[in-house]
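Novice: Have a look at this one before I ask anything.
Readers should treat all values here as calculations from the given coordinates under stated rules, not as data from a laboratory. A quick note: this is a predicted structure, and the numbers were derived from the prediction, not measured. Heads up, the Cβs are rebuilt from the backbone with ideal geometry, glycines too, and the neighbour counts pull from every protein chain shown.
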Amino acid sequence: MPIYDALQAEDPAIYNALMGEMDRQRDGVELIPSENYISPAVMEVMASVFNNKYSEGYPGKRYYGGQEYTDCVESIAIERATKLFNCEHANVQPHAGAPANIGMYFALLEPGDTVMGMDLSHGGHLTHGHPVTYITKIFNFVRYKMKDVETGEIDYDEMREVALREKPKIILAGFSAYPRELDYAKMKAIADEVGAYTVADMAHIAGMIAGGALRNPFDDGFDVITTTTHKSLRGPRGGMILCRELALGKKMDKSIFPGFQGGPIMQMVAAKAVAFGEALKPEFKDYAHQIIKNSQRMAHRFMENGAKLITNGTDNHLMMIDCVKSWGITGQEAETLLDRVGITLNKNMIADDPRKPMDPSGIRFGTPAITTRGMKEPEMDILTDFMLRAIEAKEDNSAIEQLHSEVIEFCRGFPVPGIKA
């Protein structure tokens with residue numbers, strides 16, 4: 001565990017908050033599917049002297065001098081990313097997933113062009129065209145949905161009809177709250193018919209693709225993949241754009257810099273390189289497959305106990321439960337209740353939810369972080385039972401306090417990387 005003597009002396013308030021967060025992560029269960037734990041090696045380089053260096057441009061083509069070592073780490077990150085995802089080009093400079101998507105849009109589109117993405121309430125992401133985002137003032141977005149919420153099947157026939165009518169320049173695969181795997185080949189066929197680019201936003205599932213547990217969209221001919229580098233990939237918080245062919249990659253580079261961002265955050269680029277190196281190791285494949293085994297075991301356990309899962313199961317790392325139908329409480333109430341016992345997840349709208357985003361019907365949770373801690377199928381049964389017991393005891397404060405103590409004791413058996421048990 002890092003030593004924070006300088007921080008403790010300089011700023012006790014921030015030091016105390018940091019120590020509190022360490023305790024929270026160590027003693028609690030992290031089920032938010034977009035969160036994970038980084039390795040000590042990734043953490044070390046994030047707090048390194050690379051922070052001190054401006055590196056506008058790209059390796060070999062910088063605007064400032066003194067770039068020998070920044071060029072080195074960015075080149076390593078690019079090489080490892082292209083190897084991980086079997087593509088010709090990677091831009092590792094995006095500061096996050098949303099800037100990666102925005103840079104991609106400006107590389108491929110002209111103002112007024114149309115993008116087809118997944119509807120937010122059916123599992124999509126804000127950056128895929130939700131009206132609250134500024135990007136919708138520049139580009140036109142149309143949406144596709146599930147045909148059958150019971151199975152999660154996308155309505156590919158309707159997608160084709162809308163594509164033929166609207167002529168999108170991009171057909172965008174990807175999601176933030178969808179428990180099934182998309183049919184990339186069908187989406188590629190529709191895109192070819194209308195002359196559209198194919199882009200996959202794999203932010204949530206990048207680690208499982210890198211580990212061979214889920215299908216790589218490039219194998220079905222997709223043009224571009226955007227992603228975050230944290231979540232299931234277990235890297236620092238940041239973004240990345242991957243291109244199947246080098247020619248398209250050059251457009252992405254110009255769009256990110258100088259088109260959209262300034263200098264890259266070099267300590268994060270270096271940390272990405274370390275994380276990609278970890279993901280290339282054989283044990284990462286085991287990790288990627290275990291995420292899904294754990295998720296499917298937990299989903300099965302919940303359904304055995306009468307919970308209503310959206311799409312009645314999962315193919316990936318996440319699950320969605322309709323709390324109103326399952327237990328007669330809202331997603332907000334479930335999130336707050338489970339927080340009290342040290343189990344963290346997030347409220348989430350379900351398909352065509354009649355409730356508001358801040359007080360929705362559902363919850364969303366997943367297994368990347370708990371799998372990083374070494375938990376496997378038997379622990380999924382224990383965690384599911386913890387959650388069900390909390391919901392059953394929601395009016396009993398003493399039972400909730402007892403359950404919280406049990407969760408802490410359970411967590412102590414599964415150390416968080418970089419945090420002393």
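Novice: In straight Cα distance, which lysines are under 17 Å from Lys376, not counting same-chain residues fewer than 8 positions off?
Specialist: Straight-distance partners of Lys376: Lys285, Lys293.
Novice: Residue by residue through region 96-104, which ³J(HN,Hα) values in whole Hz follow from phi under the Karplus form 6.51 cos²θ - 1.76 cosθ + 1.60 (θ = phi - 60°), with glycine and proline marked x?
Specialist: 6, x, 5, x, 4, 5, 5, x, 5
Novice: Calculate the dipole size of the chain relative to its Cα centre from +1 charges on Lys and Arg beta carbons and -1 charges on Asp and Glu beta carbons; express the result in debye to the nearest 20.
Specialist: Dipole about the Cα centre, nearest 20: 780 debye.
Novice: Let me ask something else about it. What does the highest-first list of 100-111, 402-413 look like by mean Cβ count within 10 Å? Present the calculation step by step, with values, prior to reporting the outcome.
Specialist: Values: 100-111: 21.8, 402-413: 15.6.
Packing order, densest peptide first, comes out as 100-111, 402-413.
Novice: Among Pro40, Tyr69, Gly28, whose Cα sits farthest toward the positive end of the charge dipole of region 19-81 (+1 at Cβ of Lys/Arg, -1 at Cβ of Asp/Glu, about the Cα centre)?
Specialist: The residue sitting farthest along the positive end of the dipole is Tyr69.
Novice: Rg and Dmax in Å for the chain, alpha carbons only: what are they?
Specialist: Calculated on Cα positions, Rg and Dmax stand at 21.7, 64 Å.
Novice: Follow-up. How about Lys167: which lysines have a C-alpha closer than 20 Å to its C-alpha, ignoring those fewer than 8 places off in the same chain?
Specialist: Hits, sequence-local ones excluded: Lys137, Lys145, Lys186, Lys188.
Novice: Report the charge-dipole magnitude of region 334-421 in Debye, nearest 20, computed about the Cα centre from +1 at each Lys and Arg Cβ and -1 at each Asp and Glu Cβ.
Specialist: In total the dipole reaches around 400 debye.
Novice: Going toward the positive end of the dipole of the chain, with +1 on Lys and Arg Cβ and -1 on Asp and Glu Cβ, which of Tyr54, Pro168, Ala299 do you reach last?
Specialist: Tyr54
Novice: Of Thr226, Phe257, Phe386, which is farthest along the charge dipole of the chain in the positive direction, counting Lys and Arg as +1 and Asp and Glu as -1 at C-beta?
Specialist: Phe257
Novice: GluC sites (Glu not before Pro), restricted to region 60-125: which are DSSP loop and have at most 15 other Cβ atoms within 10 Å?
Specialist: On the way: sites: Glu68, Glu74, Glu79, Glu88; in loops: Glu88.
Of the GluC sites (Glu not before Pro), the ones in loops of region 60-125 whose Cβ has at most 15 other Cβ atoms within 10 Å are Glu88.
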